[in-house]
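I have placed the structure first, in the form of structure tokens, so that the comments after it can refer back to it.
The values are calculated or read from the model by the stated rules, or taken from the named source; none is laboratory data. Everything quoted here is computed from the prediction, not taken from an experiment. Cβ coordinates were reconstructed from backbone atoms using ideal geometry, including for glycine residues, and neighbour counts include every protein chain displayed. Surface accessibility is based on the protein's heavy atoms, side chains included, excluding ligands, DNA and RNA. Shrake-Rupley method; radii C 1.70, N 1.55, O 1.52, S 1.80 Å.
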Amino acid sequence: MSTFLLRRIASRTVIATLWVLLGTATPLVELAAATFTTGFESPETAPITVGISPISLTISAGQAQTLGQEDKYHSGDFALHIRPGETSTGTFETDASAVSFWVLSAGPGATGTIRIFDENNAELLNEMPTGIYVQHSVIRTPGVATLIRSFEIANTGTEDIVVDDLSFTAEVVAPPSPFDPDDPIPAGIATGTVDIILTEIASGLAAPVYGSAAPGDTERLFIVDQSGQIVAIDLATEAQSTFLDLSGLLVPLGAFGPDTYDERGLLGLAFHPDYATNGLLYTYTSEAVGGPADYSTIPMGQVPDHQSVVREFRTPDPGDPASTPNAAMSRVLLRLDQPQFNHNGGALAFDANSHLYIAVGDGGGADDEGTGHGATGNGQDTSNPFGAILRIDPLGNDSANGQYGVPATNPFKGQPGQAEEIFAWGFRNPFRIAFDLQTGDLYAADVGQNDIEEIDVVTLGGNYGWNLKEGSFFFAGNGANDGSVSDTDPGVPANLIDPIAEYDHDEGIAIIGGFVYRGSALAALAGRYLFGDFGSFAADDGHLFYLDANNEPRAFDVGALPLAILGFAQDADGEIYVLTSTTGAPFGTTGTVLRIGPPAAPPPAPAPAPAPAPSGDGGGGGGCFIATAAYGSYLAPEVEVLRRFRDRYLLTNAPGRWLVALYYRTSPPLADALAASDAARWITRLALTPLVYGVKYPVAALLLLTVGLMRMRRRQG
């Protein structure tokens with residue numbers, strides 16, 4: 001088989017380069033939606049190949065030649081001749097979307113058929129050659145109609161059938177790029193179209209990680225500082241006050257020594273929906289072992305790193321801004337032994353039914369492996385609450401420890417050996433959760449391992465995959481070495497729920513969950529989930545994102561911030577705040593609260609210069625010299641005619657306004673001179689009389705002017 005000389009190659013959609021490998025037709029690089037055209041301008045005998053694999057056409061019979069008769073060819077000096085008794089078939093390597101060729105019966109003895117078939121061998125065209133060149137073509141729409149698989153030209157006569165100027169179009173579906181576990185999502189996060197500015201409203205904190213309003217208190221925002229304080233910010237005055245100091249309850253912070261990074265501390269706060277009347281609020285703290293744990297995965301004889309504790313406090317008079325809870329008086333609802341210092345989760349949130357949701361990480365370490373993670377990891381182990389979002393009734397008492405209730409619809413309620421508190425599971429470190437104030441949907445931002453950060457909409461009984469999956473990818477731990485993601489299913493359960501959005505570590509290192517925007521300052525963000533990324537352990541590369549209408553992450557056009565993004569806050573009006581620091585550690589005073597708002601409105605365009613105010617009677621000068629000249633004379637009442645002319649015909653257009661402005665810039669000194677001289681006033685009055693009466697009686701003035709001009713011409717003649 002020979003490769004035919006192409007007279008022209010036209011690419012309709014240039015996506016890649018031709019597949020070329022010396023001496024073979026092996027595809028190397030994609031050629032998509034290409035059109036090949038040939039005039040058979042080379043002496044060849046079939047089989048003939050047109051195009052380049054995998055977009056090629058093989059013609060089974062015929063000979064490309066010239067017989068020296070120009071009328072035998074549609075163009076050029078050669079054409080494909082199909083001999084009497086031959087049937088030439090053209091078969092497309094890749095089904096074509098269009099094919100066209102010109103066919104001629106070389107003489108009265110040439111008869112036959114021209115047929116084109118689709119991929120199901122259905123006939124798309126059946127025509128006969130004639131004594132003149134006729135174009136025979138079929139065009140199909142990819143994805144809508146069946147494509148073209150082959151054509152057939154049968155010569156049943158006694159003279160040649162001649163084929164010329166053949167073209168076809170085919171499209172190859174690109175083979176997927178090889179999966180790269182180090183870059184599982186090659187596309188980056190594009191910058192969105194929503195413009196914002198960040199305005200600092202509070203500073204001097206250590207590591208603010210969360211903030212919310214208290215029901216019944218619309219004037220303040222309560223910020224959780226990881227170092228142990230809950231700080232109240234007056235949104236009107238930006239004054240700060242300590243609402244509750246729990247630093248004395250915390251395990252000593254600094255996982256790697258004084259002033260170093262840590263994931264422990266005061267991590268969560270939730271006010272009871274009835275806080276305005278009952279004063280109840282709940283916290284999530286990292287504490288030294290202070291009593292028997294309600295759940296523990298620590299092997300016998302080993303000591304937990306710390307305990308995660310959910311406590312209830314009460315504000316004596318929630319309606320009084322000066323009233324605060326007593327840090328020494330609290331009720332412990334739940335104690336969990338934590339194997340390692342990290343992956344604590346810690347977010348708290350109430351739903352509309354006054355159920356408290358508690359986000360709990362997988363226990364720490366890496367890959368959900370090691371001490372305290374069992375044989376298969378905590379994320380998929382529903383016998384304990386680690387790697388799960390819990391749901392309890394803090395005012396109930398039917399739990400195993402009697403300190404809270406377990407809702408009847410929890411998926412493992414009443415099942416022995418299961419953690420009844422679990423609402424959903426399969427999380428690594430759901431550091432932040434939040435309910436949409438309008439829809440009630442529960443969003444969770446789950447911090448990934450080495451590759452994927454994800455956002456989930458959490459539903460009752462849902463399994464979100466960790467540690468079988470990281471985001472939408474399959475995950476495999478690797479013992480002492482790093483685990484990795486893959487696009488090959490090793491056989492995970494079919495019921496795992498993928499995130500609604502995800503990104504890889506080209507865009508950050510740890511997702512920081514926020515809120516669905518329900519404020520009024522940024523209409524373009526209504527109903528959009530706002531979140532961020534911690535940035536870097538140097539605390540200098542934080543990023544702010546939101547989900548667009550298709551749940552695609554989009555970046556705010558604020559660039560990489562020279563800060564660590566630690567959390568978000570939402571006030572009673574649904575406005576959102578970013579919580580940052582310059583250290584990323586729960587120490588120091590570099591923590592700030594930044595309000596997200598719209599860009600400053602551009603200054604209004606300057607108002608057009610007001611029309612000059614009508615002058616007074618002018619008797620004293622200093623204004624309109626016409627009015628000054630007319631003052632006290634027969635002309636004074638007629639000045640109003642000029643004013644009406646000005647208002648109607650001059651101030652309504654730009655040239656007129658310019659003339660009026662020029663007049664009022666030059667008039668005052670003339671008016672002053674006229675006011676000081678009766679003679680000058682009389683002379684000016686006489687000179688203005690024709691103007692005033694000409695404006696008052698324009699028709700008569702025009703007639704007089706015409707008569708005057710005619711008399712002047714007679715005299716000159």
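Worth pointing out:
- Condition check for Val558: at pLDDT below 95, within 20 Å of the chain's Cα centre (by Cα) and either surrounded by 23 or more Cβ atoms within 10 Å (Cβ to Cβ) or assigned to a loop (DSSP other than H, G, I, E, B) (or both): yes
- Single residue of Thr242, Thr146 found to be open to solvent by 20 Å² or more (accessible area, probe 1.4 Å), not in a loop (DSSP other than H, G, I, E, B) and not hydrophobic (A, V, I, L, M, F, W, C): Thr242
- Top-ranked residue of the stretch 16-41 - restricted to ones that are modelled with pLDDT of 90 or more and part of a loop (DSSP other than H, G, I, E, B), ranked as farthest from Thr89 (Cα to Cα): Glu41
- Pair list, Cβ < 8 Å and 6+ apart or interchain, from the stretch 207-218 residues that are touching a residue at least 60 places away in the same chain (Cβ under 8 Å) and among the polar types (S, T, N, Q) to residues that are part of a strand (DSSP E or B) and open to solvent by 10 Å² or more (accessible area, probe 1.4 Å): Ser212/Phe271; Ser212/Gln570
- Residue within the stretch 91-102 that is among the polar types (S, T, N, Q), closer than 17 Å to Pro47 by Cβ and touching a strand residue (DSSP E or B) at 6+ places or on another chain (Cβ under 9 Å) present: yes
- Number of the exception - Arg264 against (1) over 35 Å from the mean Cα position of the chain (by Cα); (2) open to solvent by 10 Å² or more (accessible area, probe 1.4 Å): (1)
- Selection of the stretch 108-141 for residues being buried (at least 16 other Cβ atoms within 10 Å of the Cβ) and in a loop (DSSP other than H, G, I, E, B) yields Ala110, Thr111, Pro129, Tyr133, Arg140.
- Residue match in the stretch 270-282 (condition: farther than 15 Å from Ser330 by Cβ, buried (at least 21 other Cβ atoms within 10 Å of the Cβ), at pLDDT 95 or above and in contact with a Phe, Trp or Tyr (Cβ under 7 Å, 6 or more places away or on another chain)): no
- Total residues in the stretch 133-169 satisfying the condition of being under 18 Å from Ser56 (Cα atoms) and in contact with a helix residue (DSSP H, G or I) (Cβ under 9 Å, 6 or more places away or on another chain): the figure is 1.
- Total residues in the stretch 412-439 satisfying the condition of being open to solvent by 30 Å² or more (accessible area, probe 1.4 Å) and under 23 Å from Glu502 (Cβ atoms): the figure is 4.
- The listed residues are Pro292, Pro318, and the only one of them that is surrounded by 21 or more Cβ atoms within 10 Å (Cβ to Cβ), assigned to a loop (DSSP other than H, G, I, E, B) and modelled with pLDDT of 95 or more turns out to be Pro318.
- Subset of the stretch 60-97 (residues that are in a strand (DSSP E or B), farther than 17 Å from His136 by Cβ, under 55 Å from the mean Cα position of the chain (by Cα) and not polar (S, T, N, Q)): Glu93, Asp95
- Conditions (1) within 23 Å of Pro430 (Cβ to Cβ); (2) at pLDDT 95 or above; number of the one not met by Leu522: (1)
- Residues that are open to solvent by 30 Å² or more (accessible area, probe 1.4 Å), within 17 Å of Ser42 (Cβ to Cβ) and not charged (D, E, K, R) within the stretch 66-90 comprise Thr66, Leu67, Gly68, His74, Ser75, Gly76, Phe78, listed in sequence order.
- Within the stretch 359-374, the residues that satisfy the criterion of being in a strand (DSSP E or B) and open to solvent by 10 Å² or more (accessible area, probe 1.4 Å) are Ala366, Glu369.
- Some residue of the stretch 185-202 being assigned to a loop (DSSP other than H, G, I, E, B), out of contact with any strand residue (DSSP E or B) (no Cβ under 7 Å at 6 or more places or on another chain), closer than 30 Å to Lys469 by Cα and without any contact (Cβ under 8 Å) to a residue 60 or more places away in the chain: yes
- Top-ranked residue in the stretch 295-311 [being of a type outside the set (Gly, Ala, Ser) and open to solvent by 40 Å² or more (accessible area, probe 1.4 Å); ranked as nearest to Gly363 (Cα to Cα)]: Asp305
- Looking only at the stretch 167-196, and only at residues there that are open to solvent by 70 Å² or more (accessible area, probe 1.4 Å) and of a type in the set (Val, Ile, Thr), the one that is modelled with the lowest pLDDT: Val173
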